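Note sheet for the following structure.
No lab work stands behind these numbers, since they all come straight from the coordinates. The shown structure was predicted, so the numbers you read here are calculated from the model rather than taken from an experiment. Here the Cβ positions follow ideal geometry from the backbone for every residue, glycine too, while neighbour counts run over all protein chains shown.
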Amino acid sequence: MAAPAPRPRVNWWLTGLMAAVSLTVLVPLYFTVVTALKTPDQLGGTGFALPDSVRWANFADAWRLTAFPDVFLNSALITVGAVCLTLLSNSLVAYAIARNMHRRRFRLLYYYFVSALFVPFPIIMLPVVKQTSLLGLDNKVGLVLLYVVYGLALNIFLYVGYLKSVPRELEEAARTDGAGTWTVFWRIIFPLLTPMNAAVGILTCLWAWNDFLLPLVVLSEGEQTLPLAQFVLQSQFNTNYPVAFASYLMAMAPVLIVYVFAQRWVISGVMRGSVK
Amino acid sequence: MTVLDDRAAPAPAGPRSTASARRRGGTGRAYYWMVLPALALFLLFHTVPVLQGIYYSLTDYAGYGRHDFVGLDNYASLFRDGRIWESYLFTFQFAVVATVLTNLVALAVALGLNGKIKFRGTLRGVFFTPNVLSVLIVGYVFHYLFTYSLPAIAEHLGIGALSGSILADPDLAWVGVVVLAVWQAAAFNIIIYLAGLQTVPEDLYEAATLDGATSWQRFRSVTLPLIAPFVTVNMVISLRNFLQVFDHIAALTSGGPGTATTSVSYMIYNGGFNGGEYAYQTANAVVFFLCIVAVSVFQLRILRRHEVND
């Protein structure tokens, strides 16, 4: 990468080809935007044409129909709650396990948590709905707890793997200075985990924000997240596709905007979370 | 359960007399307090539901009211139920086709991105975009494309076979689901393959080129063996995710037309919550769980054999 010598020649054919292939990603997004701006009578044909006259009121209609502010706030609170609690708790558990892998009890605990990676959600789906409604957790708080618990398997795996490469000298120095385990974790280990925290945070954020099945089964009537609202309102959009697409666009917009600005960071985070 | 009992017993290991030992005892206790709340929540929201699921699968529970123990009756009925066989067949066919296509597409795109191209960062960003979007919402956009745009395009081109919506055709609806699945999942796999390709040292290519290897030979005998671990990871993750397909189905077909695209997850959800088949579908979920474990183990064995031993 850092070879300063003669710059490799750019393969323009390949660049053109890749740009053409990237249209497969961009065209559906373009389609969403133009459809959201049309009036119903401009639909028809292939639908790829630009709108003749723009109807901004589609967004106002979708805003009212989906109660956008409420639903957006629900999604945001659930995502922020899930990310914060996951980072704080999962890293803590992983630290305790990683530093005690020589003890049988902690090693068992590690395999117990990680084995959940093999348990598909459908087997838990029906009973957990009973469980959450019984405990009065068929709401945002319950959903946050479920994301924290169901993320444990993967996150423990990631954190423990990462902690093996974190040198113990700093920790031991702090301990000889009289710091307790909790202090060592919060003051030394947690900051050292920053790269892994970023990865876990991004993965949790994308999961909680875009998830559909868990909110669908757990949340009781009246509370909705952004994807759930699109599902519930399918019948009310009726055949008014421009309003429906305006609503889809508003649901996609927050994550798209963040992604445009934090693209490099998001991709490297996801990469670190998957390749270890 | 055993883990909890195991843990609870020796926790109050009494304080020793010497200072260092006492401190070590103290640290040990701190570690236990660090894992205890998470363990309790995990038991409550993961292990207990799994055990409950297994228990209900042995009853005739409808989701409400009283229930009786019926032994393995649900499991026996599962094997005689045509709907169940159909949904497993659809799910596995879909998952295998989608996994293979996703990985072929992702590897091809990653190879392209790894070439000497301009705007690599931007293109990489574009190709990753589908991964940050909700499958359900993208699914609704694709639903419109399949229902209205594709037939209109086919009409322009005079392809009579595609003049109707493919989602309304029991034989073709699954193709629509595959297209959406590949479009969305390839994004993630591209990034993993790209990471893999960057681990291949440049001079290996040069050596192969000097030996007169064609680009296909270079790919076949230099690149592919070196990125084999990444292929393994991608195949395992893709297949596992596609076997549990749900959002795609909810957005595109609702399991139809008829039951042509009813995946196992969709059937468990629909039958369990709306069809009064609570116990029956928990039995289905247990069988599905065993299938997924078996597939994962099998897949890891096969793919590991092809990896380079280093």
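Bins of 5 Å, beginning at zero and ending with the bin holding the largest distance: percent of Cα pairs per bin for chain A, please.
1, 5, 10, 11, 13, 13, 12, 10, 9, 7, 5, 3, 1, 1, 0, 0
With +1 on each Lys and Arg Cβ and -1 on each Asp and Glu Cβ, and nothing else charged, work out how big the dipole of the protein assembly as shown is about its Cα centre, in Debye to the nearest 20.
Dipole size: approximately 2320 debye.
Quickly estimate the mean residue ellipticity at 222 nm for chain B, helices only: each DSSP H run with n ≥ 4 gives -39500 (n - 2.57), and the total goes over all residues, rounded to 500.
So the helix-based figure for chain B works out to -21500 deg cm²/dmol.
So what is the relative contact order of chain B, in percent, for Cα pairs below 8 Å that sit 6 or more residues apart?
Once normalised by length, the contact order is 26 percent.
For every other residue with a beta carbon closer than 13 angstrom to the beta carbon of A:GLU171, add +1 if it is Lys or Arg and -1 if Asp or Glu, then tell me the sum.
Local net charge: +1.
At each listed q (0.16, 0.20, 0.21 Å⁻¹), what is the log10 of I(q)/I(0) that the Debye formula gives for the stretch B:116-241 modelled as equal alpha-carbon point scatterers?
Computed log10 I(q)/I(0) values: -0.94, -1.10, -1.15.
Rounded to two decimals, what ratio of Rg to Rh does the stretch B:25-108 give with C-alpha atoms and a Kirkwood Rh?
Using only Cα positions, Rg/Rh for the stretch B:25-108 is 1.23.
Pick from B:ASN241, B:ASN103, B:ASN284 the residue whose mean-square fluctuation is largest in a GNM of chain B, springs joining Cα atoms under 10 Å.
Top of the fluctuation ranking is B:ASN241.
Taking a temperature of 4 °C and a viscosity of 1.567 mPa s, what whole-number D in µm²/s does Stokes-Einstein yield for chain B with Rh from Kirkwood over alpha carbon pairs?
55 µm²/s
State the volume of the convex hull built on the alpha-carbon positions of the stretch B:76-150, expressed per residue in Å³ and rounded to an integer.
Spelled out: Cα convex hull of the stretch B:76-150, divided by residues, is 151 Å³.
At a 10 angstrom cut-off on C-beta neighbours, averaged per residue, how do the peptides A:9-21, B:204-216 rank from highest to lowest?
A:9-21, B:204-216
At 7 Å along the Cα-to-beta-carbon direction for both B:GLN198 and B:ASP81, put a label point, then send me their distance in nm to one decimal.
Between B:GLN198 and B:ASP81, the simple spin-label model gives 4.7 nm.
Note down the magnitude of the dipole of the stretch B:152-310 about its Cα centre, charges +1 on Lys and Arg C-beta and -1 on Asp and Glu C-beta and zero elsewhere, to the nearest 20 debye.
About 380 debye.
Sorted from largest down, give the three principal axis spans of the alpha carbons of the stretch A:146-204, whole angstrom values.
Cα spread of the stretch A:146-204 along its principal axes, largest to smallest: 38, 21, 16 Å.
Which value, in nm² and rounded to one decimal, describes the direction-averaged projected area of the C-alpha convex hull of the protein assembly as shown?
It is 32.2 nm².
Among the lysines, select those whose C-alpha is under 30 Å from the C-alpha of A:LYS130, and discard any that sit fewer than 8 residues away in the same chain.
A:LYS140
By per-residue mean of other Cβ atoms within 10 Å, what is the highest-first order of A:40-52, A:246-258, A:199-211?
So the order, starting with the most tightly packed, is A:199-211, A:246-258, A:40-52.
Quick one: order B:ASP171, B:ASP73 by neighbouring beta-carbon count within 10 Å, fewest to most.
By the 10 Å Cβ count, ascending, the order reads B:ASP171, B:ASP73.
Provide B:ARG120, B:ARG80 in ascending order of the number of other Cβ atoms located within 10 Å of each residue's Cβ, fewest first.
The order, fewest Cβ neighbours first, is B:ARG80, B:ARG120.
Lys and Arg at +1, Asp and Glu at -1: add these up for the other residues within a Cβ distance under 15 Å of B:SER296 and post the number.
It works out to a net charge of +3.
Show me B:296-305, A:60-69, B:108-117 ranked by packing, highest mean number of other Cβ atoms within 10 Å first.
B:108-117, A:60-69, B:296-305
Say we join alpha carbon atoms closer than 10 Å with springs in a Gaussian network model of chain B; which of B:GLY276, B:GLY158, B:GLY196 then has the biggest fluctuation?
B:GLY158
From other protein chains only, count the Cβ atoms within 10 Å of every residue's Cβ in B:113-120, then give the mean.
6
If a helix is a whole DSSP H run, which ones in chain A reach 30 Å or further along their own axis (Cα) and hold a mean Kyte-Doolittle hydropathy of at least -1.0?
A:12-37, A:68-98, A:140-163, A:241-275
Kindly put A:HIS102, B:HIS248, B:HIS67 in sequence by how many other C-beta atoms sit within 10 Å of each C-beta, fewest to most.
Ascending Cβ contact count within 10 Å gives the list A:HIS102, B:HIS67, B:HIS248.
Using only atoms on other chains, find how many Cβ atoms lie within 10 Å of each Cβ of peptide B:230-239 and report the average.
Per residue, the number of nearby Cβ atoms from other chains is 1 on average.
Please report the net charge: other residues with Cβ closer than 13 Å to the Cβ of A:MET18, K and R +1, D and E -1.
+4
Dividing the convex hull volume of the Cα atoms of the stretch A:28-173 by its residue count, what figure in Å³ per residue is obtained?
Convex hull of Cα atoms, per residue: 221 Å³.
Highest GNM mean-square fluctuation, chain A, Cα pairs closer than 10 Å: which of A:VAL34, A:VAL260, A:VAL149?
Highest fluctuation among the options: A:VAL260.
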